[in-house]
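Here's the structure, in structure tokens; my notes come after.
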Amino acid sequence: MTPELASLAVTPLDPEIEAEIERFEDGAARYLAGDIDDDAFRVFRLNQGIYGQRQGGHNQMVRIKVPHGRLEPEQLEMIAHVSEIYSRGWVHCTTRQNVQMHFVQLEQVGEVLRLLAAVGLTSREACGDTVRNVAGCHLAGACPYEVLDISAWAQATTDWFLRNPLAQRLPRKFKINFSGCATDCGQAMFNDVGVIAVTRPLADGTVEPGFRVFVAGGLGANPHPAQAIEEFTPRDQLLATIESILRVFNNHGNRDNKLRARMKWLVDTMGMDELRARIMKERRFLIASATYPAGVPALVEERGDAPAGMSTASGVPDGFVPVDFLSLDPFSSWEHANVVRGRSNGTVSAYAHSRLGDITADQLRAMAAIQRDFGLDGGVLELRVTNRQNLVLRGLREDHLRDLHSRLAEIEMATPGAELARDVVACPGADTCNLAVTQSRGLASDIDNALEDAGLAEVPGVRINISGCTNSCGQHHISDIGFFGLERRAHGRSAPGYQMLLGGRVGDMEIEFGEKATKVPAKRASEAVVQVVRRFASERGAGETFASWLDRSGGAAGVGADLKVLDQFPDPDQRPDLYVDFDETGPYEATVGDSECAT
């Protein structure tokens, strides 16, 4: 054991987890020996959270599940260690609060899984036709508007379905998200199950906290909004309700056509009324199950779910957008953009900005040290991964902020980024993904640089999301400005391009998907973003949202009409750069491998 490993708070592995890892190692050895065919091993591998890469060979992506985004210091340190020894020395945070490592060799995956398990981490069911990582609002327990702290609920749901026989061979992947209030920072409105804490009035004049459960949402090439199954679900019926939804999906999901197998397609095939009726019938008779998840989970009883905020309001004021603060000093800019004050006992939360969602091993170790050094009463500071690929530190005091800012600045994570234009979200794209047709990470970096050069990086109220294909892993449908990659043809040549969307949003238990504005060459997409953000910043009224400005500016089509001049491909001899994607050196080629997403 290395000195670094010896210093970590590792625990002996549970015998069942050790046996699971040994089964994976045995399966990998048999596959490499030719005793298991590709299709069977792919399913086996994906259920363990190990994803193939477009580079082929033995290169694997290991997706670490981080339920509701919460990470402890020893977990950060172990991820740092593993990323240096087995990967590239850095990790990528995803829009569903996972942490991914790439270029891990298949022969070494078992060693990685064992090290992660020693600090309570797993990749089990992070991929495949399973219940994926249970995501949740990263400010749960520190939000001024929450009805309930959903942290323990998200963890209890994780524990219930992890390795649950019901969840191993579903028709398709199944995603669950939690939000503590209607603001919906947990993005419940476009998932298979979305849970939002709400209240209902009682006869005695008080209110009862509980949930509104939404089903059958999804993004991808055919986005569907989630729909409520009932107005109010009591706390003691939530887990049974989620299991009932899963059982209906397992029984009626399309097992013959993976492209139409997600929960959202059941709305199209049987209608929402019939789907709702089947879920309610399943819940009514679930009491007969030997494993009926009755009542409030023990974990919730133990940890509690009382709201932490100072207000019971359902969200931020209508139409509110923070004012500009471009002239402030670095600390003040960071404080305005990245600090959230939301607890009645005076503690605060602060974002550490992670450019493109990438965090190095040294940054991970530094964040672990910050958790320990700034913890209150001898404890550790709580840290969560956000769905915009940043980290948020919770439970701070006001007198911590200047020292924290200095510590984050030392590791280049103090950039004012939360909810600002520079906070660009992107999937891994053609860097590693089999399905991507463009280098989405390269475009994200180019947009970031272009906004900085134009003095627009700190414009608030603009979210930019990018996917390298139509599958929306970068969640391009629900951002103010969204892009998805596509192949373009010009002068008899292939060229990298993007479809630009405008006007997506999620919040207040509503969702709007972005509408098509224009197509652009990949190398001109950042110019399109600069034009839109500059126009928004100069034309908006005081506190006006991007959506409101877009509506009165002609919508996506109207704003997009002014951008169509950018959608030109000159002769390759005049602009050869337009025929080469970001981070590539040769002519563009839309190479797509076997889909592991639809396996």
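Every number in this text was worked out from the coordinates using simple rules, so none of it is lab data. Nothing here was measured: the structure is a model prediction, and the numbers come from that model. Methodologically, a virtual Cβ is constructed for each residue, glycine included, from the backbone with ideal geometry; neighbour enumeration extends over all protein chains shown.
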* Asked: So, with +1 on the Cβ of K and R and -1 on the Cβ of D and E, and no other charges, what is the size of the charge dipole of the chain about its Cα centre, to the nearest 20 debye?
  -> 1360 debye
* Theoretical ellipticity at 222 nm over the chain - DSSP helices of four or more residues, -39500 (n - 2.57) apiece, nearest 500 -> -9500 deg cm²/dmol
* **Overall form of the chain per C-alpha gyration tensor (a/c, 1.5; a/b vs b/c)** => rounded
* Neighbouring Cβ atoms within 10 Å as the yardstick, rank Thr157, Thr347 fewest first. => Thr347, Thr157
* To do: Mind putting a number on the dipole of region 74-159 about its Cα centre? Charges go on the C-beta only, +1 for Lys and Arg and -1 for Asp and Glu, and I need it in Debye to the nearest 20.
  => 180 debye
* Asked: Between region 519-571 and region 463-495, how many Å separate their Cα centres?
  -> 15 Å
* To do: Find how much the distance from Asp573 to Gln168 grows on full extension, using 0.36 nm per residue of separation minus their present alpha carbon separation; answer in nm with one decimal.
  => 140.5 nm
* Asked: When a footprinting reagent is the concern and you count Cβ atoms within 10 Å, what order do Asp573, Asp358 take, fewest first?
  -> Asp573, Asp358
* Asked: With the Cα gyration tensor of region 488-599 giving a ≥ b ≥ c as the square roots of its eigenvalues, does the rule (a/c under 1.5 for rounded; else a/b larger than b/c for prolate; else oblate) give rounded, prolate or oblate?
  -> oblate
* Asked: Dipole magnitude of region 392-470 about its Cα centre, charges +1 at Lys/Arg Cβ and -1 at Asp/Glu Cβ only, in debye to the nearest 20?
  -> 280 debye
* Working out 0.36 nm times the residue gap between Ala561 and Leu202, then minus their Cα-Cα distance, what length gain in nm do you get to one decimal? -> 124.0 nm
* **Peptides ranked, highest mean first, by Cβ atoms within 10 Å: ranges 405-415, 382-392, 145-155, 32-42** => 145-155, 382-392, 405-415, 32-42
* Segment Thr269-Asp159, length gained on full extension (0.36 nm per residue, minus Cα span) -> 36.5 nm
* Structure fact -> Most exposed first, judged by fewest Cβ atoms within 10 angstrom, Val565, Val580 run Val565, Val580
